[in-house]
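Undergrad: First, the structure itself, so that you have it in front of you.
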Amino acid sequence: MTPTDPIANLATLIRCPSVTPAEGGALSALEAMLKPLGFAVDRVVAKDVGTPDIENLYARLGTEGPHLMFAGHTDVVPVGDEAAWSHGPFSADIAGGEMYGRGAVDMKGGIACFVAAVARHIEKHGLPKGSVSFLITGDEEGPAINGTTKLLQWAADKGERWDACLVGEPTNPDHLGDMIKIGRRGSLSGRINVNGVQGHAAYPHLADNPVRGVLQLTQALMDPPFDNGTESFQASNLEVTTIDVGNGAVNVIPAKASAAFNIRFNDTWTAESLMAEIIVRLDRAAAAGSLRPDRAPVRYEITWAERPSHVFLTRNNALIDSLSGAVEAVTGRQPKLSTTGGTSDARFIKDYCPVVEFGLVGQTMHMVDERVAVADLETLTNIYETFIFSWFGHAAA
Ligand SMILES: [Zn+2]
């Protein structure tokens, strides 16, 4: 039986309880769908110290170029309060025209539709004129250390090269066809530690209150804005996410204070240029001292979170036009080309080939009663099938 029905494909995947980091049978189920279509399937286990071993899957159909990759994940977030679900989180029950289950939209649904789209393409047109591959991780919702990055590296090491990638994450806010993601903002996090001198609140001249220092520094991070946005991106935004002092005594000036921040940044910056700008602002604020007149500069250290996410913007017209044309042909809607939202695994893939993202409507992702309109599965399959046909036409031209 060929997996041309996205509804059946999705039901099979939802019934595998692949709560991150468990494989839960989901990759085996996917392998069983892909092999009859002619895919060569590799199961790749990635390991790293301090993180769970993760099963991943790479499957390729064809040996020639052009080469189109579909990327995604079969792991899902925990179900939360199972009793609060109106249908079992691994039941794939259909009620009121919707299929229920963890991963229905994020993102077993996207995988189910792409598999069906490839199967239909083969039935109608034979094998694609080139190669199609699936790069599927079991570690997107977890630490993301043993997932897409390692799988890409593993595949590249054995000579795999791609011309374009579609990530099937849920990108549509309200309706199928609303939004394609053609880039993502970067993300950078840090923590500032301010050292003061502990003392009596009645004798501040004998102490140095680090709360004054941390306020000066965080103020300088929040104002002025880093930029006003660019042609393709909204303005970069920094949020101070915590200020910690941990002082329980009202008559004691504490010795230390710290603050953490996260900034989502656009293509005005690189992670490196942004770090440099932040240091400039902090040094200036540390020396300025409106809250601490006649004092020496604030003594602070900054530590950066280990891996910043880099900003990227895809400019590959064959990819973007094929996808947005397919969305419009099937839904009649012209999708917005967007760079909003959080980071995704596309940030790793962009180092290998142009990447865009398009999947289901994301409204119920990570929620109790995650579910997908059954009609959307058919529509997304049609979009993917149209896209595959069009992309190979473009790429071969
Ligand atoms: Zn996801």
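The values are calculated or read from the model by the stated rules, or taken from the named source; none is laboratory data. For clarity, every value in this text was computed on a predicted model and none was experimentally measured. Here the Cβ positions follow ideal geometry from the backbone for every residue, glycine too, while neighbour counts run over all protein chains shown.
Undergrad: Only one of 238, 274, 319, 323 is within 26 Å of residue 350 (Cα to Cα) and part of a strand (DSSP E or B). Can you tell me which? Please lay out each step first, then the result.
TA: Working: 274 fails: part of a strand (DSSP E or B); 319 fails: part of a strand (DSSP E or B); 323 fails: part of a strand (DSSP E or B).
Exactly one of 238, 274, 319, 323 is within 26 Å of residue 350 (Cα to Cα) and part of a strand (DSSP E or B), namely 238.
Yes or no, residue by residue, for (1) touching a residue at least 60 places away in the same chain (Cβ under 8 Å); (2) over 20 Å from residue 391 (Cβ atoms):
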{"position": "30", "(1), (2)": "yes, yes"}
{"position": "33", "(1), (2)": "yes, yes"}
{"position": "42", "(1), (2)": "no, yes"}
{"position": "61", "(1), (2)": "yes, no"}
{"position": "64", "(1), (2)": "yes, no"}
{"position": "80", "(1), (2)": "yes, yes"}
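Undergrad: Which pairs do you get when a residue that is over 16 Å from residue 164 (Cα atoms), found in segment 320-340, comes within reach of a residue that is surrounded by fewer than 20 Cβ atoms within 10 Å (Cβ to Cβ) and among the basic types (Lys, Arg), reach meaning Cβ atoms under 8 angstrom, with the pair 6+ apart or on two chains?
TA: From segment 320-340, the pairs are 327/333.
Undergrad: Picking from 102, 120, which residue would you name as being closer than 29 Å to residue 326 by Cα, of a type in the set (Lys, Arg) and assigned to a helix (DSSP H, G or I)? Step through it out loud before you land on a result.
TA: Working: 102 fails: assigned to a helix (DSSP H, G or I).
Matching residue, one of 102, 120: 120.
Undergrad: I'd like the full set of residues that are under 18 Å from residue 104 (Cα atoms), assigned to a strand (DSSP E or B) and not small (Gly, Ala, Ser), limited to segment 63-84.
TA: 70, 73, 76 - these are the residues of segment 63-84 that are under 18 Å from residue 104 (Cα atoms), assigned to a strand (DSSP E or B) and not small (Gly, Ala, Ser).
Undergrad: To continue, here is another question. Out of the residues in segment 160-182 that are in contact with an Asp or Glu (Cβ under 8 Å, 6 or more places away or on another chain) and among the charged types (D, E, K, R), state the one that is nearest to the ligand (Cβ to nearest atom).
TA: Within segment 160-182, the match that is nearest to the ligand (Cβ to nearest atom) is 169.
Undergrad: Turning to a different aspect of this structure: Can you confirm whether segment 135-149 contains a residue that is surrounded by fewer than 24 Cβ atoms within 10 Å (Cβ to Cβ) and over 30 Å from residue 78 (Cα atoms)?
TA: Looking for residues that are surrounded by fewer than 24 Cβ atoms within 10 Å (Cβ to Cβ) and over 30 Å from residue 78 (Cα atoms), one finds none in segment 135-149, hence no.
Undergrad: When the residues of segment 361-379 are filtered to those that are out of contact with any Cys (no Cβ under 7 Å at 6 or more places or on another chain) and in a helix (DSSP H, G or I), which remaining residue is nearest to residue 324 (Cα to Cα)?
TA: Filtering segment 361-379 for residues out of contact with any Cys (no Cβ under 7 Å at 6 or more places or on another chain) gives 361-376, 378-379.
Still in the running and in a helix (DSSP H, G or I): 374-376, 378-379.
Numbers: 374: 22, 375: 20, 376: 17, 378: 17, 379: 14 Å.
Here the residue is 379.
Undergrad: A further question on this structure: Of all the residues that make up segment 328-360, how many are part of a loop (DSSP other than H, G, I, E, B), basic (Lys, Arg) and either surrounded by 16 or more Cβ atoms within 10 Å (Cβ to Cβ) or within 13 Å of the ligand (Cβ to nearest atom) (or both)?
TA: Within segment 328-360, the first condition is being part of a loop (DSSP other than H, G, I, E, B), and the residues that meet it are 332-335, 339-345, 350-354, 358-360.
Still in the running and basic (Lys, Arg): 333, 350.
Okay, now just the ones that are also either surrounded by 16 or more Cβ atoms within 10 Å (Cβ to Cβ) or within 13 Å of the ligand (Cβ to nearest atom) (or both), so 350.
Summing the residues that are part of a loop (DSSP other than H, G, I, E, B), basic (Lys, Arg) and either surrounded by 16 or more Cβ atoms within 10 Å (Cβ to Cβ) or within 13 Å of the ligand (Cβ to nearest atom) (or both) in segment 328-360 gives 1.
Undergrad: Among the residues of segment 174-216, write down those that are within 35 Å of the chain's Cα centre (by Cα), over 25 Å from residue 238 (Cβ atoms) and either modelled with pLDDT under 95 or not aliphatic (A, V, I, L, M) (or both).
TA: Within segment 174-216, 174, 175, 177, 178 qualify.
Undergrad: So, in segment 281-291, of the ones that are farther than 15 Å from residue 205 by Cα and modelled with pLDDT of 90 or more, which residue ends up surrounded by the most Cβ atoms within 10 Å (Cβ to Cβ)?
TA: 285
Undergrad: Of the residues that make up segment 121-141, is at least one at positive phi, under 25 Å from the mean Cα position of the chain (by Cα), within 16 Å of the ligand (Cβ to nearest atom) and not hydroxyl-bearing (Ser, Thr, Tyr)? Reasoning before the result, please.
TA: From segment 121-141, those at positive phi are 126, 130; that's our starting set.
In the following step, the residues that additionally are under 25 Å from the mean Cα position of the chain (by Cα) were identified as none.
No.
Here is a yes/no grid of residues against (1) crowded, with 17+ Cβ neighbours inside 10 Å; (2) in a helix (DSSP H, G or I); (3) touching a residue at least 24 places away in the same chain (Cβ under 8 Å):
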| residue | (1), (2), (3) |
| --- | --- |
| 267 | yes, no, yes |
| 293 | no, no, no |
| 303 | no, no, yes |
| 315 | no, no, yes |
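Undergrad: Just a yes or no: is a residue in segment 45-67 under 16 Å from residue 358 (Cα atoms) and within 16 Å of the ligand (Cβ to nearest atom)? Step through it out loud before you land on a result.
TA: Let us first name the residues in segment 45-67 that are under 16 Å from residue 358 (Cα atoms), namely none.
Scanning segment 45-67 turns up no residue that is under 16 Å from residue 358 (Cα atoms) and within 16 Å of the ligand (Cβ to nearest atom).
Undergrad: Among the residues of segment 147-173, write down those that are among the small types (Gly, Ala, Ser), within 18 Å of the chain's Cα centre (by Cα) and modelled with pLDDT of 95 or more.
TA: Initial filter on segment 147-173 (among the small types (Gly, Ala, Ser)): 147, 155-156, 159, 164, 168.
Now narrow it down to the ones that are within 18 Å of the chain's Cα centre (by Cα): 147, 164, 168.
If the condition is that a residue be among the small types (Gly, Ala, Ser), within 18 Å of the chain's Cα centre (by Cα) and modelled with pLDDT of 95 or more, then 164, 168 are the ones that fit.
Undergrad: With 105, 115, 76, 19 as the choices, which residue is among the β-branched types (Val, Ile, Thr), away from the ligand (no atom under 16 Å from the Cβ), at pLDDT 95 or above and surrounded by 17 or more Cβ atoms within 10 Å (Cβ to Cβ)?
TA: Details: 105 fails: away from the ligand (no atom under 16 Å from the Cβ); 76 fails: away from the ligand (no atom under 16 Å from the Cβ); 19 fails: away from the ligand (no atom under 16 Å from the Cβ).
One residue alone meets the criteria, 115.
Undergrad: Just one of the numbered conditions (1) within 16 Å of the ligand (Cβ to nearest atom); (2) in contact with a Pro (Cβ under 8 Å, 6 or more places away or on another chain) is not true of residue 144; which one?
TA: So residue 144 meets the others, but not (2).
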